[in-house]
């Protein structure tokens, strides 16, 4: 049974202690309400459950967030200490984000990806780490599989305004889910008793029938669906300020994207051989023989990068840092993640390891990420692993302050990972004019192109096809990668702007930090100071490490007391 919302809101909210108490209560309530998300974060208390998407449960969750946000907004914090006020701003922005997406995006009514994602992640979250014996995880999977037909029926009832673009992506994911259920999942079945295995297979087959039926149901309704519904510029600006505490509006963000795109296109042209920016496996000394060789070759370069970081004293690697590995991308996730995705250790994980999913190996593939990984995997590896996501999020997971540990600002997270790509190049990891150096420029170029796509899609200025063509022409991507990137932008508003906006903010902060430190400046110290605060908005980070809140003041919405 989910913790009662009325119990969470019972105590008056007047002190920093009460703020932290109700934040902690909220996290426990959220984790139980979304058991699949909890499993993904390493909390396995509710591994046998799926989220309840019945109309009553959805409405109750939304009501609770609105009521809690109202109380947090009303807290008088003027006399609070700096750190207490920062925690109030952070927790408020966490609730603002949930409330915004419930109110503006209304995913239960518009986005069928929510329901297929719950099904695929329900199984994937049980498979990705050996946190318990295979039998225990297989039994949990059986329980979740049995619940999937009901969940998908709830989805059909809820989807009163489905968006065709989201539906098409859902159909692709649903029809690619079989290997996850029939192959990957069954690796857990070896320890089951005969009747338990039969029960798992029965539940799996019924779940697959429902998943495929859901895809058919969507396909039959595609002609009646709206093609795509942008949130509009006013809503986009609200999201930038309330969620990211960002001192920019949509038009300023789009202009930043244009400026950075021009910069990196020009830097490509200034290479001794501009063709080096376009990955070409034919230039590689060794082409992997197959998938296993590909994964091993990818992962083996990490030791080289760690040695470089230590020799240059570029940052401190904590003793708690786990192992980072490379794995193959499950087919169910390919439609919206053509380049793969990172799985860091979760907030609740006892296992400090993490991994990066990369697409299936094909030496003849036109996919940018495959070609780049064959020729030189280090730029992408650094972004996803060390010093990028894996390192940064591993450090953030160990923050003692719960509100800060729970905060996952995408601008900081992606901005740091993108910043490290160029930082490694400029500090000498790659030879001048090399393929790796060219790849760094191309990666920054298409991250800049992402801004134009995201802003123009969600403010309603561009169609989906215009977004794909822009990725190809401005970003330098092949059509497969461009379609996947555009799909990701459409599905996850503002996520695509986080890379370049965050990198720009970090570069700006680096310059200010150096000027403050003068002759005592050391790059590694800046990196350590940056990472020790977790995944916070960079306007907050600037206040923390420079004691300057002017950027934050420009970012805060008018109704937030300064």
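The values are calculated or read from the model by the stated rules, or taken from the named source; none is laboratory data. All values reported here derive from a predicted model rather than from experimental measurement. Note that we place each Cβ from the backbone using ideal geometry, even for glycine, and neighbour counts take in every protein chain shown.
With the structure loaded, tell me whether residue 98 is part of a helix (DSSP H, G or I) and out of contact with any strand residue (DSSP E or B) (no Cβ under 7 Å at 6 or more places or on another chain) or whether it fails that test. So residue 98 passes the test. Does region 45-68 hold any residues that are surrounded by fewer than 18 Cβ atoms within 10 Å (Cβ to Cβ) and free of Cβ contacts under 8 Å to residues at least 60 places away in the same chain, and which are they? Within region 45-68, 45, 56, 57, 59, 60, 62, 63, 66 meet the criteria. Of the residues making up region 276-292, just one is under 28 Å from the mean Cα position of the chain (by Cα) and without any contact (Cβ under 8 Å) to a residue 24 or more places away in the chain, namely 292. Assess whether residue 284 counts as being within 20 Å of residue 352 (Cα to Cα), in the same structural domain as residue 440 (by TED's automatic domain parsing) and modelled with pLDDT under 90. No, not satisfied. Screening residue 271 against (1) in contact with a helix residue (DSSP H, G or I) (Cβ under 7 Å, 6 or more places away or on another chain); (2) over 29 Å from residue 539 (Cα atoms); (3) part of a helix (DSSP H, G or I) leaves a single unmet condition, (3). Looking at 240, 270, 246, just one residue is free of Cβ contacts under 8 Å to residues at least 12 places away in the same chain and out of contact with any strand residue (DSSP E or B) (no Cβ under 8 Å at 6 or more places or on another chain), and that residue is 270.
Regarding residue 178, is this residue closer than 30 Å to residue 127 by Cα and exposed (fewer than 14 other Cβ atoms within 10 Å of the Cβ)? Against the criterion (closer than 30 Å to residue 127 by Cα and exposed (fewer than 14 other Cβ atoms within 10 Å of the Cβ)), residue 178 does not qualify.
Kindly establish whether residue 470 is surrounded by fewer than 24 Cβ atoms within 10 Å (Cβ to Cβ), outside any helix (DSSP H, G or I) and in contact (Cβ under 8 Å) with a residue 12 or more places away in the chain. No, not satisfied. Every listed requirement among (1) on the phi < 0 side of the Ramachandran plot; (2) surrounded by fewer than 20 Cβ atoms within 10 Å (Cβ to Cβ) is met by residue 232 save one, (1).
Let's see how each residue does on (1) part of a helix (DSSP H, G or I); (2) closer than 30 Å to residue 89 by Cα; (3) in the same structural domain as residue 87 (by TED's automatic domain parsing); (4) at pLDDT 95 or above:
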residue	(1), (2), (3), (4)
202	yes, no, yes, yes
209	yes, no, yes, yes
220	yes, no, yes, yes
238	yes, yes, no, yes
241	yes, yes, no, yes
244	no, yes, no, yes
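So, residue 185, is that one touching a helix residue (DSSP H, G or I) at 6+ places or on another chain (Cβ under 7 Å), modelled with pLDDT of 95 or more and assigned by TED's automatic domain parsing to the domain that holds residue 144 or not? The answer is no for residue 185.
Only one residue in 488, 475 is in a loop (DSSP other than H, G, I, E, B) and buried (at least 21 other Cβ atoms within 10 Å of the Cβ). Which one?
Values: 488 fails: in a loop (DSSP other than H, G, I, E, B).
So the residue among 488, 475 that is in a loop (DSSP other than H, G, I, E, B) and buried (at least 21 other Cβ atoms within 10 Å of the Cβ) is 475.
If I filter region 545-554 for residues that are more than 24 Å from residue 370 (Cβ to Cβ) and either in contact with a strand residue (DSSP E or B) (Cβ under 8 Å, 6 or more places away or on another chain) or buried (at least 21 other Cβ atoms within 10 Å of the Cβ) (or both), do I get at least one hit? Checking region 545-554: at least one residue is more than 24 Å from residue 370 (Cβ to Cβ) and either in contact with a strand residue (DSSP E or B) (Cβ under 8 Å, 6 or more places away or on another chain) or buried (at least 21 other Cβ atoms within 10 Å of the Cβ) (or both).
Residue 30 fulfils the conditions (1) over 22 Å from the mean Cα position of the chain (by Cα); (2) under 24 Å from residue 89 (Cβ atoms); (3) without any contact (Cβ under 8 Å) to a residue 12 or more places away in the chain except for a single criterion, (1). Here the condition is being buried (at least 24 other Cβ atoms within 10 Å of the Cβ), touching a helix residue (DSSP H, G or I) at 6+ places or on another chain (Cβ under 9 Å), assigned by TED's automatic domain parsing to the domain that holds residue 311 and farther than 28 Å from residue 487 by Cβ; of 379, 387, 344, 431, it holds for 387 alone. The residues of region 347-376 that are over 17 Å from the mean Cα position of the chain (by Cα), buried (at least 22 other Cβ atoms within 10 Å of the Cβ) and under 13 Å from residue 299 (Cβ atoms) amount to a single one, 373.
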